[in-house]
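Data block below; observations after.
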Amino acid sequence: MAGKIAALSKLTLEDSKLILPKESFPPWVVFSNRQKLSWLNFKLKKVWPFINEAASELIKEIIEPILEQYKPSILASLTFSTFTLGTVAPQFTGVKLVETTNSGAIMELEVQWDGDQNIVLDIRTLLGVTLPVQVKNIGFTGVFQLILQPLVNQLPCFGALIYSLLEKENLDFTLKVIGGDIKAIPGLAGAIEATIKDALEGSLMWPARNIIPILPGNYSELELRTVGILEVKLVQAKNLKNKEFLGKSDPFCVIYTRPLRDSLKKSKTINNQLNPVWNEHFELEVEDVSTQRLHIKVFDEEKVKGDKIMGYSSIKLKDLEPGDIKSLWLPLVKYFKDKRDTQYRGEVNVELRYCPLGMEAELTNSFKRKEYTLLDETFSMDMIGQVNSSLKYELSSKRHRIVRGVLSVTVKRAENLMPMDFLTKLSDPFVILKMQKSNTLKQTRVVPKTLEPTWDQTFHFVVEDALHDLLIAEVWDHDTFGKDFMGRSILTLSKLLLDGEYDADLTLDGIESGQLFLHLKWTRQQYYI
């Protein structure tokens with residue numbers, strides 16, 4: 001036993017991290033490669049009562065307009081009646097100098113705060129009900145980024161301090177109606193929680209930044225700027241979890257790169273459907289492609305009780321190759337999910353293309369050589385000089401591009417289809433092809449008694465607007481008294497416009513198994529602006 005204890009005593013911090021998962025340690029244990037700041041915490045503890053008194057009212061005045069900006073539609077107003085920082089000072093758990101250049105210095109500062117703040121929100125709903133809601137048990141862990149820029153030869157040797165929240169590892173709090181139960185109003189707790197977290201992310205989370213001038217000067221160059229445009233085609237979703245007791249949900253999507261109210265893009269609502277098809281196009285400003293994500297929230301529309309979130313997904317923008325299309329099926333999970341929550345909530349299908357400012361000329365020339373664009377509306381040459389460093393991207397300056405042509409679809413074969421005939425355990429499959437915008441239908445012949453039919457039939461569609469159209473392929477079983485559904489697949493024409501011709505191996509949705517094999521070819525007829 002003594003030998004084992006001696007061996008344990010020799011364990012380093014790195015050894016203990018390898019033996020035990022991070023979740024096994026209490027929350028006050030922080031692993032960091034940053035230098036400790038015990039001296040700063042000691043000094044901060046001494047002066048904290050004075051900081052609390054001086055800063056509480058100032059912070060309240062700053063935060064109230066931000067909360068109002070993110071206020072959910074079910075609330076009429078959101079203000080503070082009480083705001084104090086409490087008696088417990090935050091703890092700085094580490095600091096690291098990330099980079100020093102001739103233009104500035106960048107530091108990262110780890111912060112942990114489990115305080116006793118006294119915060120009361122006065123909330124008034126659209127129904128005229130006013131409630132005092134206390135925000136309690138606030139716990140925060142994150143990393144702030146401090147940028148000292150520009151460096152100058154005058155004390156304190158930098159012109160301005162820029163700060164933002166680089167990482168938000170944890171933000172927990174509880175809500176309590178003073179003298180009542182917050183659950184008495186359905187959806188209120190979730191709406192307030194989302195408002196607080198979105199306001200924090202939108203106003204503090206990098207690339208948002210706050211500039212404090214230290215020396216007199218013009219620091220407009222340090223402000224947030226657009227560096228590119230993310231084009232998003234929201235195609236469809238499948239296998240959404242129903243939120244309705246009777247009937248099916250009415251899903252719509254909200255997408256954004258930052259949760260600012262004027263930056264949120266909302267899709268149309270598809271009523272009574274758990275496998276909605278939107279086929280909508282959006283464009284989002286990007287300020288820092290290395291850190292930002294595309295966020296997608298799927299909601300069930302509720303006109304009285306408030307919209308219910310059905311699932312959430314995101315993707316890092318740095319994973320996108322500039323100028324290229326990326327078609328993705330993104331799994332939906334619980335919004336602000338616990339790490340243990342892996343419940344499947346469906347999937348959403350998007351096509352993405354990131355276009356950095358400064359690459360438009362190259363991309364546009366490439367498209368002119370190919371004589372089409374890839375998503376909705378591509379950049380025009382006369383627009384490039386208008387964008388430069390402006391924060392507001394003038395979408396109205398873009399010209400609408402239309403791609404017309406002939407789509408040739410060869411329905412080759414299918415495999416692993418489901419048996420629809422109870423007695424023979426076989427099916428009599430045929431395929432229906434449909435162009436969504438024109439509602440043009442084509443149908444193959446019926447191949448009797450098989451689960452692996454071969455058709456090798458070619459159909460032609462005149463497509464008036466290929467950038468905004470969809471090809472829907474459905475497999476059906478022929479029956480004397482009707483037909484039985486055997487699966488569906490939906491294709492955008494983006495890849496076809498890029499490649500001109502390709503083989504599509506499709507997994508059929510809405511059924512347990514089945515694959516459909518098509519050959520697609522595009523013949524351009526006319527292209528105009």
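What follows is calculated from the coordinates using simple rules that are stated; it is not laboratory data. Computed from a predicted model, the values in this text were never measured in an experiment. No Cβ is skipped: glycine too gets one built from the backbone with ideal geometry, and neighbour counts run over all protein chains shown.
Taking a cut-off of 12 Å between Cα atoms, list the aspartates and glutamates near LYS437, but don't count ones fewer than 8 places away on the same chain.
GLU464, ASP465, ASP469
How many angstrom lie between the Cα centre of region 453-474 and the Cα centre of region 97-138?
Going from one Cα centre to the other spans 52 Å.
Would you please give the residues with an amide H less than 5 Å from that of GLU244, counting only those at least 5 places away or on a separate chain, with H modeled from the backbone geometry?
Amide H neighbours of GLU244, under 5 Å, 5+ apart: SER249.
Which value, in nm² and rounded to one decimal, describes the direction-averaged projected area of the C-alpha convex hull of region 32-161?
Mean projected area of the Cα convex hull: 10.2 nm².
Which entries of LYS43/LYS71; LYS197/LYS248; LYS243/LYS412; LYS45/LYS176; LYS233/LYS412; LYS46/LYS136 have Cα-Cα distances beyond 32 Å here?
LYS43/LYS71; LYS243/LYS412
Mind listing the long-range amide H neighbours of GLN117? Cut-off is under 5 Å, sequence gap 5 or more, other chains count too, H placed in the peptide plane at 1.01 Å from N.
ILE138
Step through the residues of region 68-78 one at a time and calculate ³J(HN,Hα) from phi using the Karplus curve (6.51 cos²θ - 1.76 cosθ + 1.60, θ = phi - 60°), rounding each to whole Hz and writing x for Gly and Pro.
For region 68-78, the Karplus curve yields 4, 5, 9, 4, x, 5, 7, 10, 8, 7, 8 Hz.
Which of LYS303, LYS241 has the fewest other C-beta atoms within 10 Å, and how do the rest follow up to the most?
Placing the least packed residue first, the sequence is LYS303, LYS241.
Grab the Cα-Cα distance for LEU426 and LYS36, subtract it from 0.36 nm times how many residues apart they are, and report the gain in nm with one decimal.
Here the answer is 133.4 nm.
Going down the table (LYS265/LYS483; LYS308/LYS483; LYS168/LYS334; LYS241/LYS316), which pairs top 28 Å between alpha carbons?
Going by Cα-Cα distance, LYS265/LYS483; LYS308/LYS483 fall outside the 28 Å limit.
Determine, for HIS281, HIS468, HIS460, the number of other Cβ atoms within 10 Å of each Cβ, and report the residues in order from fewest to most. Before the final figure, lay out each step's value.
On the way: HIS281 16, HIS468 19, HIS460 12.
Ranked by crowding around the Cβ, least crowded first: HIS460, HIS281, HIS468.
Taking other Cβ within 10 Å of each residue's Cβ, how do MET107, MET435 sort, fewest first?
With the fewest neighbours first, MET107, MET435 line up as MET107, MET435.
Considering the convex hull of the alpha carbon atoms of region 400-529, report its projected area averaged over all viewing directions, in nm², one decimal.
Value for region 400-529: 7.8 nm².
In whole Hz, with x marking every Gly and Pro, tabulate ³J(HN,Hα) for region 259-267 from phi via Karplus 6.51 cos²θ - 1.76 cosθ + 1.60, θ = phi - 60°.
x, 7, 4, 7, 9, 6, 10, 10, 7
Return the sequence-ordered ³J(HN,Hα) values of region 406-421 in whole Hz as given by the Karplus equation 6.51 cos²θ - 1.76 cosθ + 1.60 applied to θ = phi - 60°, using x for Gly and Pro.
10, 9, 9, 10, 9, 7, 7, 7, 9, 9, 6, 6, 7, x, 9, 8
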